[in-house]
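Taking it in order: structure first as structure tokens, then the write-up.
The values are calculated or read from the model by the stated rules, or taken from the named source; none is laboratory data. From a predicted model like this one, the values you see are computed outputs, not experimental measurements. Positions of Cβ are backbone-derived with ideal geometry, glycine not excepted, and every protein chain shown enters the neighbour counts. Quick note on the areas: whole protein, heavy atoms, side chains included, nothing else; ligands and nucleic acids left out. Shrake-Rupley method; radii C 1.70, N 1.55, O 1.52, S 1.80 Å.
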Amino acid sequence: MGWNVHKFGGTSLADAECFRRVAAIVAAQTDARQAVVVSAIGGMTDVLLGLVSAASSQADVAPQLAMLKDRYGGIVGELLGDGGVPLMAQMERDLADVESVLTALALVKSASHRSRDLVAGFGELWSARLLTAVLAAEQRRPVVLIDARDVLRVVQSEMGPVVQWEDSRAALAGSLAADFDGIAVITGFIARTPDGLQTTLGRNGSDFSASIFAALLEAAEVNIWTDVEGVMSGDPRRVPEAAVIREMSYNEAMELAYFGAKVIHPQTMTPAVEHSIPIRIRSTFNPAGEGTWITAAPRSTELVKGVSSIEGIALINLEGSGMIGVPGTADRLFGSLREAGISVVLISQGSSEHSICFAVPVESAQRVKDVVARAFAGELAQGQVQNIDVTPDCAILAVVGDGMAGAPGIAGRFFSTLGRAGINVRAIAQGASERNISAVIAAADATRALRAVHASFYLSAKTVSIGLIGPGSVGGVLLDQLAGEAERLAAEFGVDLRVRAIGGSRRMVLADKRIPLANWREQVENSEPMNLDRFVDHVQADHLPHAVLLDCTADQGIAQRYEDWLGRGIHVITPNKKAHSGSLEYYHRLKALTRASGAQFLYETSVGAGLPVVHTLRDLVDTGDEIYTISGIFSGTLAYLFNVYDGSRPFSSIVADAQSKGYTEPDPRDDLSGMDVARKTVILAREAGLDLELEQLSVQSLVPESLGEGSVEDFLNQLPAHDAAMAAQLKVARAAGQVLRYVGELDLRSGAARVHLASFDAGHAFANISLTDNIVQFVTRRYCDNPLIVRGPGAGPDVTAAGVFADLLRLCGRLGGNGG
């Protein structure tokens, strides 16, 4: 059987329970011989290095030494009981050695690199001994401990530790029999120089150890066990939608690691890369998880694998006309930085050669400026170099992916996404491999940029963050409709509808990803007080491409907020008539904002509930038809009243009966006043191009003037006194073979508009409607002899909610490429 290598870091070995978990993971690996490389117990290396620093400054180190012994002893005792006595005896001998080194450091008041290596390496020894003992007590297979200092030979260089492969291979053969068939527990991080002195492989050294031993053992794979599910597409602490990257190439992993994805360090991968050994990043806390495979040739087809960033950056710009066309300028610049031991993170130079800008760690910025000023002192004095500018507080944002090479539009999407997010790009770099596009931005914009760019490349173009205001009759039905259809829409059409906020007049519920709609009512009942500003800010999340507010209220105050929302780029969908039938000035401002911001303002259900009235009118106008007249029955309540009213019962009785059944508003005067019909008439007039104010309409109210005030009960009790007037109108109409209908009428040629009770012949389309039907008639140049009629149920929560839902889907259909 071949070998598999497993590496467990400090977070995977933090306490006794973690050691048990690791032992169980190792025990489950039966398909090969197992080499298990371990780090120090979580935080142990930092404590050991802290002891070195403390001793060098002659501080008392006894308390820290006692703490180390107590922590390790507690874990050993919990795992092995009395069986751990030999381990503790070994540790006490080690601590005596450590104390001797620390005493010497205190005498000389300084610590050499060698002494730091010597002390820091004990953490891995203690972890390896303990895991070996735990596995030996539970395993039927043989378990052996290998001290990496007996095997690995490395030489320190400018580029870091360099493995002496032949010497190390020979030493491993002497430490591990070729036919060994069991588990080898190996100390990570530590090694020896060719002359036998202890050294370390630096930070992330245990990952490096795992990769080296994988190469020495010719292993089939390297498993890096950590506290995350794998390499993520973005920092999950800053990008809530970050996902595990299932497969990626060595090059992609190195690029992402360099740009802040801290799962694995690029240098530590080198031995595995050179021998084409796959590396798998896995979670100790979810061993069944797939994790991330890092290979030479991954099968995934994503163009962009991840979005990452480096913080704490300063941008340096060297600028001068004397640099143009002068050979060796870049060599002098970067040569001076090399001599000063300063690493450059990013370089960008325009083809004019007028300036070179580069990024360095912000803590080096002033020293860099001084170094460059000395290197170009002559040119600065003569004016050939004009400026050495330093811009602190920057960050570098990078998108990484092998699939970007040769794929048009990636850079365009990247920078257009930043532009839409209002983020200024200060410098750009892209290598010839096209594997990485980097941009220098303000540090304050880093999180917003990460979220926006991640959303652009990783989420559906139709991923929408939804906030619903007014979960009453219409809003509640709409949420139920969304609950029933969201999964199907996502599967069939890629429409990702995420209801992340639901708010009423008093309470609201917010969710980072989505609110489970199966029990949204219970969640609203147990939620926090309503705060509309916070509600809106939550819906407009940086990590989601689009935000939409569904206003299912009839509230004037909510309607007055549309201007702010549209200006921020938030889409608005509503059956609320108050905004677009309010002041003409406000209506025009809203229309202008939708054009300027790109936000959509959809209100099909403000007229005719779910009927395509506004949509039909807009199509007529947009295709160049000339509208002559628009007329219709726009109130389902009034349609019902006059469908039922045939003289057999008084009109007041029909009104009272309709109110008791919920067919009217709680106060029937809201329907009988005609103002609802008037608002709808104004909306249609404006959509047809007529600048009409609500006050300009002639509105016939069916509420007797004397009954305009007072309670609903008083109104219903006194309404019978006015039945005779309504009966007289009905009698006149019936004598002429006509019926009564309450209608809104617009004449676009004269500008006349009115809302009133009218009579229609029995053969007229308005005379033949069912109960609560709405009907709209368009007479146009194209539809002159035979008017265009839109008819159907125009009231009720179900059809109104369905109309809002249809507007939401219409919005999704208009959303373009990812993120825009």
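Whether any residue in segment 656-679 is of a type in the set (Asp, Glu), assigned to a loop (DSSP other than H, G, I, E, B) and touching an Asp or Glu at 6+ places or on another chain (Cβ under 8 Å) is what I want to check. Checking segment 656-679: at least one residue is of a type in the set (Asp, Glu), assigned to a loop (DSSP other than H, G, I, E, B) and touching an Asp or Glu at 6+ places or on another chain (Cβ under 8 Å). Checked against (1) part of a strand (DSSP E or B); (2) of a type outside the set (A, V, I, L, M, F, W, C); (3) under 51 Å from the mean Cα position of the chain (by Cα), Arg741 meets all criteria but (3).
Checking each residue in segment 783-800 for being in contact with a helix residue (DSSP H, G or I) (Cβ under 6 Å, 6 or more places away or on another chain), surrounded by 16 or more Cβ atoms within 10 Å (Cβ to Cβ) and closer than 25 Å to Leu692 by Cβ picks out Val790, Gly794, Ala795, Thr800. Within the option set Ile281, Ile310, being in a strand (DSSP E or B), out of contact with any helix residue (DSSP H, G or I) (no Cβ under 6 Å at 6 or more places or on another chain) and closer than 14 Å to Val399 by Cα holds for one residue only, Ile310.
Annotation: Leu638 fulfils all but one of (1) more than 30 Å from Lys462 (Cβ to Cβ); (2) touching a Leu at 6+ places or on another chain (Cβ under 7 Å); (3) assigned to a helix (DSSP H, G or I); the unmet one is (2). Taken over segment 758-782, the residue count meeting the criterion of being open to solvent by 20 Å² or more (accessible area, probe 1.4 Å) and either without any contact (Cβ under 8 Å) to a residue 60 or more places away in the chain or of a type in the set (A, V, I, L, M, F, W, C) (or both) is 10.
Taking every residue in segment 667-681 that is free of Cβ contacts under 8 Å to residues at least 60 places away in the same chain and basic (Lys, Arg) and pairing it with any residue that is part of a helix (DSSP H, G or I) and open to solvent by less than 30 Å² (accessible area, probe 1.4 Å), at least 6 positions away or on another chain, the pairs with Cβ-Cβ distances below 9 Å are Arg669/Leu707; Arg669/Phe715.
Restricting attention to segment 461-487, the residues that are part of a helix (DSSP H, G or I) and under 28 Å from Leu303 (Cβ atoms) add up to 2.
The set of residues from segment 466-487 being closer than 15 Å to Val509 by Cβ, touching a Leu at 6+ places or on another chain (Cβ under 9 Å) and touching a residue at least 40 places away in the same chain (Cβ under 8 Å) comprises Ile466, Gly467, Leu468, Ile469, Gly470, Pro471, Gly475, Leu479, Leu482.
Taking segment 392-432 as the range and being among the polar types (S, T, N, Q) and touching a residue at least 40 places away in the same chain (Cβ under 8 Å) as the test, the residues that pass are Ser416, Thr417. Here Arg500 meets each of (1) of a type outside the set (A, V, I, L, M, F, W, C); (2) within 30 Å of Gln696 (Cα to Cα); (3) outside any loop (DSSP other than H, G, I, E, B) with one exception, condition (2).
Going by the conditions given, is Asp389 in contact (Cβ under 8 Å) with a residue 24 or more places away in the chain and in contact with a helix residue (DSSP H, G or I) (Cβ under 7 Å, 6 or more places away or on another chain)? Working first, answer last.
Working: in contact (Cβ under 8 Å) with a residue 24 or more places away in the chain: yes; in contact with a helix residue (DSSP H, G or I) (Cβ under 7 Å, 6 or more places away or on another chain): no.
No.
Per the listing Thr629, Thr605, the residue uniquely in a helix (DSSP H, G or I), under 26 Å from Ala767 (Cα atoms) and touching a residue at least 40 places away in the same chain (Cβ under 8 Å) is Thr605. Residues in segment 774-820 that are outside any loop (DSSP other than H, G, I, E, B), modelled with pLDDT under 90 and either over 38 Å from the mean Cα position of the chain (by Cα) or β-branched (Val, Ile, Thr) (or both): Pro793 alone.
Can you find a residue that is touching a Ser or Thr at 6+ places or on another chain (Cβ under 9 Å) and either acidic (Asp, Glu) or within 14 Å of Glu99 (Cβ to Cβ) (or both) anywhere in segment 46-55? Full working, then the answer.
Going residue by residue through segment 46-55, those that are touching a Ser or Thr at 6+ places or on another chain (Cβ under 9 Å) are 52, 55.
Still in the list and also either acidic (Asp, Glu) or within 14 Å of Glu99 (Cβ to Cβ) (or both): 52, 55.
There is at least one residue in segment 46-55 that is touching a Ser or Thr at 6+ places or on another chain (Cβ under 9 Å) and either acidic (Asp, Glu) or within 14 Å of Glu99 (Cβ to Cβ) (or both).
For segment 147-187, enumerate the residues that are among the β-branched types (Val, Ile, Thr), open to solvent by 10 Å² or more (accessible area, probe 1.4 Å) and in contact (Cβ under 8 Å) with a residue 40 or more places away in the chain. Once the filter is applied, which keeps residues that are among the β-branched types (Val, Ile, Thr), open to solvent by 10 Å² or more (accessible area, probe 1.4 Å) and in contact (Cβ under 8 Å) with a residue 40 or more places away in the chain, segment 147-187 yields only Val163.
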